[in-house]
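Each remark here refers to the structure printed beneath this line.
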Amino acid sequence: MRFDVVTLFPEMILGGASYGVTGKAIKRNIVGLSVWNPRDYTHDRHRTVDDRPYGGGPGMVMKYQPLVDAVNVAKQHSKGMKNKVVCLSPQGKQITQSLLIEAVQTPQLILVAGRYEGIDERFIDVTCDEEWSLGNYVISGGELAALVIIDAITRLIPGVLGDEDSAKQDSYMEDLLDCPHFTRPEQGEYGAVPETLLNGNHGEIKRWRMKQALGRTAQRRPELLKDKELTAEQDALLKEFLNEE
Ligand code: 4GX
């Protein structure tokens, strides 16, 4: 899979993606990452990428021509792969894990990171296939949203995460909040580690973790349990958890 990001701040994308899981996936050529600066596709002496909004008002709007040219150059580097052009903005569909699981099937994802008040709507209508949002809050540009998406999708590519991390994706824990984690010391001024995690009984540890995941989900994010079918064992563990509170 390859990511192409259209951005006025390409170093922000390359820098942000160069650490940890994404950095390693890029280095191992499991994912490709290229950046395209719309300023490189301007033709005037000031390399103008923005202009004042029709109708007046504060701020500037990104012109569509440099963005269209940058997206087209990104597409030329795809060797005929299927692609999707996604614009990041608060007007978009809110990203979820299931949206990202779908997106990992797209060989080339072209992410358009806007700045200023926004982008000429004709670019979004004509050139973009989808509009995605991180959530209902405003950030200063689409670059951080693009990095979030690149990170979350890269983790889903087979072979990117090690075996320990894949264990997290154990299907029986799906759609639940994570259980608590502990490491050394066993006892200290911050309290003690739950007894169950110390006794080496792996069946009991697995049940304890499931019970914690269910209990925390019920308490903190009850809406996640609304349409989830619990097994008889999960139902019993959740009742146990809630009775102990
Ligand atoms: N999730 N922003 C983009 C400029 C903009 C506005 C409209 C295109 C169309 C955001 C978010 C976000 C602020 C990034 C406005 N570009 N992006 N920017 N929330 O708040 O993705």
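If you filter region 38-66 down to residues that are β-branched (Val, Ile, Thr) and buried (at least 16 other Cβ atoms within 10 Å of the Cβ), you find that the one that is farthest from the ligand (Cβ to nearest atom) is 42.
Figure legend. Inter-residue proximity from region 102-122: first residues charged (D, E, K, R) and at pLDDT 95 or above, second residues within 14 Å of the ligand (Cβ to nearest atom) and assigned to a helix (DSSP H, G or I), beta-carbon distance below 6 Å, spacing 6+ or different chains. Indicated pairs: 120/64; 122/64.
The requirement of being modelled with pLDDT of 95 or more, surrounded by 13 or more Cβ atoms within 10 Å (Cβ to Cβ), in contact with a Pro (Cβ under 6 Å, 6 or more places away or on another chain) and not polar (S, T, N, Q) is fulfilled somewhere in region 67-84, by at least one residue.
Taking first residues from region 1-21 that are touching a residue at least 60 places away in the same chain (Cβ under 8 Å) and under 12 Å from residue 147 (Cβ atoms) and partners that are of a type in the set (Ser, Thr, Tyr) and assigned to a loop (DSSP other than H, G, I, E, B), the Cβ contacts under 8 Å between residues at least 6 apart in sequence or on separate chains come to 13/7. At least 2 residues being more than 9 Å from the ligand (Cβ to nearest atom) and within 27 Å of residue 38 (Cα to Cα) is the threshold, and among the helices (runs of 4 or more DSSP H) wholly inside region 81-193 those reaching it are 97-103, 121-126, 143-154. Answer with yes or no whether residue 98 is small (Gly, Ala, Ser) and either modelled with pLDDT under 95 or touching a Leu at 6+ places or on another chain (Cβ under 7 Å) (or both). Against the criterion (small (Gly, Ala, Ser) and either modelled with pLDDT under 95 or touching a Leu at 6+ places or on another chain (Cβ under 7 Å) (or both)), residue 98 does not qualify.
The values are calculated or read from the model by the stated rules, or taken from the named source; none is laboratory data. What you see is a predicted model; the values in this text were computed from it and never measured. Here Cβ is always computed from backbone atoms with ideal geometry, including for glycine, and neighbour counts include all displayed protein chains.
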